[in-house]
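Chemist: Okay, here's the structure, questions in a sec.
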């Protein structure tokens, strides 16, 4: 899905020009997605004709205005150094935006965050408010000292409009 498309033309991590969301229509967005996926015509044809992907193409432009923010709300004994108030930033497709995140991110947070990211993504691509997630709080797999672990981190996720 197109994400973090802020301007008519910007540069991706490899320095290549990319299209922006301003004035983009469903067909233009589908073409950007096609190029990113780099699929053979036969494979792309199956995606392009599928009604669920038509819905995704329709809603993706609005969805591209959001990013996902997972904020640490509790932290005790975290070996990776996560602290209360720290944020992990993802684009609306669930890609970790490495330049906007701490240098160290505990891998034990990621599996549970993946479940939340998928729920937010489903709302976005189906044209619903991304923040209609009822259970938007999770934690790492470490159980803490009382259960034989190091510590524990609790994180709450929300979707927010991309600044700017």
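The values are calculated or read from the model by the stated rules, or taken from the named source; none is laboratory data. Values in this document were obtained by computation on a predicted structure and should not be read as measured data. When we count neighbours, we look across all protein chains shown, and the Cβ atoms used for this are built from the backbone with ideal geometry, even at glycine.
Chemist: Return the residue satisfying two criteria in turn: it lies in the range 93-108 and is part of a loop (DSSP other than H, G, I, E, B) and within 14 Å of the chain's Cα centre (by Cα), and of such residues it is nearest to residue 83 (Cα to Cα).
Modeler: Residue satisfying both the conditions and the ranking: 101.
Chemist: Kindly indicate whether residue 72 is buried (at least 18 other Cβ atoms within 10 Å of the Cβ), in contact with a strand residue (DSSP E or B) (Cβ under 6 Å, 6 or more places away or on another chain), closer than 24 Å to residue 147 by Cα and touching a residue at least 12 places away in the same chain (Cβ under 8 Å).
Modeler: yes
Chemist: Can you tell me which residues in the range 109-130 are surrounded by 18 or more Cβ atoms within 10 Å (Cβ to Cβ) and in a loop (DSSP other than H, G, I, E, B)?
Modeler: Hits for the range 109-130 are 109, 130.
Chemist: I would also like to ask the following. Among the numbered criteria (1) closer than 25 Å to residue 123 by Cβ; (2) surrounded by fewer than 16 Cβ atoms within 10 Å (Cβ to Cβ), which single criterion is violated by residue 61?
Modeler: Going through the list (1) closer than 25 Å to residue 123 by Cβ; (2) surrounded by fewer than 16 Cβ atoms within 10 Å (Cβ to Cβ), residue 61 breaks only (2).
Chemist: Quick check on the range 131-155: of everything there that is more than 16 Å from residue 76 (Cβ to Cβ) and in contact with a strand residue (DSSP E or B) (Cβ under 8 Å, 6 or more places away or on another chain), which residue is surrounded by the fewest Cβ atoms within 10 Å (Cβ to Cβ)?
Modeler: Start the filter on the range 131-155 by keeping residues that are more than 16 Å from residue 76 (Cβ to Cβ), which leaves 131-136.
Then drop every residue that is not in contact with a strand residue (DSSP E or B) (Cβ under 8 Å, 6 or more places away or on another chain), which leaves 131, 133, 136.
Numbers: 131: 13, 133: 17, 136: 16.
Restricting to residues being more than 16 Å from residue 76 (Cβ to Cβ) and in contact with a strand residue (DSSP E or B) (Cβ under 8 Å, 6 or more places away or on another chain), the top hit is 131.
Chemist: Follow-up. Please report, ordered by residue number, the helices (runs of 4 or more DSSP H) entirely within the range 1-87 with at least 2 residues that are modelled with pLDDT under 90 and within 20 Å of the chain's Cα centre (by Cα).
Modeler: Hits in the range 1-87: 26-37, 51-63.
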